[in-house]
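Here is the structure we will look at.
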Amino acid sequence: MVTQTLQERLAEQDLTERIGHTPLVPIQGLEGVAGSVRVYGKAEWFNPGGSVKDRAAWNIIRTAEGSGALSGDRMLIDATSGNTGIAYAWIGATRGHRVKLCVPANASLARKRLMTALGAELVLTDAMEGTDGAIREARRLMAEEPELYFYADQYANPANWQAHYHGTAAEIWDQTGGKLTHLVAGVGTSGTLVGTGKRLKELNPEIEVIAVQPDSPFHALEGLKHLASCEVPSIYDPRVARRTVEVRSEDAIDAAQRQARRGLLLGWSAGAALVAAERVARELDRGVVVAILPDGAERYLGDSGWEASR
Ligand SMILES: Cc1ncc(COP(=O)(O)O)c(C=O)c1O
């Protein structure tokens, strides 16, 4: 029998082992939903970095380590509005990789501080250009000195959606005993929606996948993209979602505030997912609706949405 030393056992407790396997929580307080319809939220803030993006960042990093694309002194570079950057930064720090992040200047102070505290180098880009401006800057830096970087390219990297195909989907399938009928997920890079939706539809083609987007280019839904006015991520596959529900920022914020009174602290994109889930659930006589809740409220406490909350 091989006995492990304490040091060996502790080495296996690397926090990357704790990514995924997040709880599925019942959502209460939705209006106009039949008693035979269940709505659950996948509580992604339970990931060590506090968001769903740990899954994609970890799969991107370990795939690049495996292929040798991220080796030696190469620095990981990517564009992000926050959560992916935090995920790259903490996983990079754990694994000994340097990380450079192109971030729109108006990303929240808390997010920027978290990324720099974790040792990442930030390149702030024009706030008016949003994440598209940050993507252009990452591409420019990469083109200028390709030998310096591994360009993680979360908007085009298949390891992003594959993290959800192999992880998130299997978890939801098991957690609902294969009974879910509807999946609701917001679209940023689209990795969550495409990977989770694709796999669940393979497991049961009857499952309906619903995409969530902000209703206008100017919105407060951090992490989500208004695809009609943005560069569409190349990993986006329009065949996965049967329909798209557009959500107003005010409604998403209101939903997050209402859930806080029930003990669930949600970020704005999670609020948007619940607005969409409520609309879908109202149309049903029976069913099991699962909404992906990408992060929690704590990254948004400086936002005016919480100032207004009494
Ligand atoms: C808060 C938040 N919600 C939703 C998303 C969208 O997830 P995905 O990029 O997998 O589409 C992100 C992505 O960064 C996010 O940070």
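The values are calculated or read from the model by the stated rules, or taken from the named source; none is laboratory data. Computed from a predicted structure; not experimentally measured. Don't worry about glycine lacking a Cβ; one is built from the backbone with ideal geometry, like all the others, and counts go over all protein chains shown. Side chains are part of the model used for accessible areas, which takes the heavy atoms of the whole protein and leaves out ligands, DNA and RNA. Shrake-Rupley method; radii C 1.70, N 1.55, O 1.52, S 1.80 Å.
Longer than 28 Å from Cα to Cα, which of K112/K201; K42/K201; K201/K225; K100/K201; K42/K100 are they? Say none if no pair is. Before the final figure, lay out each step's value.
Details: K112/K201 37 Å; K42/K201 18 Å; K201/K225 23 Å; K100/K201 36 Å; K42/K100 30 Å.
In this structure, K112/K201; K100/K201; K42/K100 lie more than 28 Å apart at Cα.
Return one whole number: the accessible area per residue of region 2-152 in Å², for a 1.4 Å probe.
Counting only protein heavy atoms, the per-residue value for region 2-152 is 48 Å².
Under 12 Å from the Cβ of R74, count the other residues' Cβ atoms, weight Lys and Arg +1, Asp and Glu -1, and hand me the total.
Cβ neighbours under 12 Å give a net charge of -2.
Could you give the dipole magnitude of region 147-234 about its Cα centre, charging the beta-carbon of Lys and Arg +1 and that of Asp and Glu -1, in debye to the nearest 20?
Around 200 debye, computed over region 147-234.
If you take the charge dipole of the chain about its Cα centre, with +1 on Lys and Arg Cβ and -1 on Asp and Glu Cβ, which of A185, I77, L101 is farthest toward its positive end?
A185
If you take every DSSP beta bridge whose two residues both sit in region 157-310, what share of them, in percent to the nearest 5, is antiparallel? Could the numbers behind the result be given before it?
On the way: 1 of 14 bridges.
Among the beta bridges of region 157-310, antiparallel pairing accounts for roughly 5 percent.
What accessible area, in Å² to the nearest ten, does a 1.4 Å probe give for Y40?
Surface open to solvent at Y40 totals about 60 Å².
Based on Cβ point charges of +1 for Lys and Arg and -1 for Asp and Glu, what charge dipole magnitude is obtained for the chain about its Cα centre, in debye rounded to the nearest 20?
In debye, rounded to 20, the chain gives about 560.
Sequence-distant or interchain residues sharing an amide H contact under 5 Å with V184, placed H: which?
Here the answer is I210, V290, A291, I292, since their amide H atoms fall under 5 Å of that of V184.
Which Rg and Dmax, in Å, describe the Cα atoms of region 117-271?
17.2, 51
Given points 7 Å out from each Cα along the Cα-Cβ axis, report the R239 to L148 separation in nanometres with one decimal.
If labels sit at R239 and L148, their model points lie 4.0 nm apart.
Can you give me the % of accessible surface on the chain that is carbon or sulfur? Probe 1.4 Å, all protein chains present, nothing else counted.
Reported share for carbon and sulfur atoms: 50 percent.
Under a point-charge model restricted to the Cβ atoms of Lys and Arg (+1) and Asp and Glu (-1), what is the dipole moment magnitude of region 62-127 relative to its Cα centre, in debye to the nearest 20? Walk me through the numbers before you get to the answer.
Working: 8 positive and 5 negative charges, 35 e Å.
Around 160 debye, computed over region 62-127.
Apply the membrane-span-like helix rule to the chain: whole DSSP H runs, Cα extent along the own long axis of at least 20 Å, mean Kyte-Doolittle hydropathy at least -1.0. List the helices found.
Taking the DSSP H segments of the chain (at least 20 Å long, mean hydropathy at least -1.0), we get 53-67, 130-144, 268-282.
When the Kirkwood radius is taken over all Cα pairs of region 208-256, what Stokes-Einstein diffusion coefficient follows at 25 °C and 0.890 mPa s, in µm²/s?
Details: Rh = 11.6 Å.
My calculation gives 211 µm²/s for D.
First measure r as the distance between the Cβ atoms of E250 and L124, then evaluate 1/(1 + (r/R0)^6) with R0 = 41 Å and state the FRET efficiency to the nearest 0.05.
Efficiency at R0 = 41 Å is approximately 0.90.
In nm, what is the difference between 0.36 nm times the number of residues separating E65 and R282 and their Cα-Cα distance?
Numbers: separation 217, 0.36 × 217 = 78.12 nm, distance 4.55 nm.
Full extension from E65 to R282 adds 73.6 nm.
Take the Cα atoms of the chain, find their three principal axes, and give me the spread along each one in whole Å, biggest first.
60, 57, 40
Working with all protein chains in place, sort H219, H226 by solvent-accessible area computed with a 1.4 Å probe, largest first.
Working: H219 60, H226 25 Å².
I get H219, H226, largest accessible area first.
Modelling each spin label as a point 7 Å along the Cα-to-Cβ direction, I'd like the R18/A117 distance in nm, to one decimal.
The answer from the label model is 1.5 nm.
Most mobile of A281, A93, A79 per a Gaussian network model of the chain (Cα springs, under 10 Å)?
Of A281, A93, A79, the most mobile in the Gaussian network model is A93.
Before rounding to the nearest 500, sum -39500 (n - 2.57) across all DSSP H runs of length at least 4 in the chain and divide by the residue total; then give [θ] at 222 nm in deg cm²/dmol. Each step should come with its number before you reach the end.
Details: 11 runs with 115 residues, N = 310.
That calculation yields -11000 deg cm²/dmol at 222 nm.
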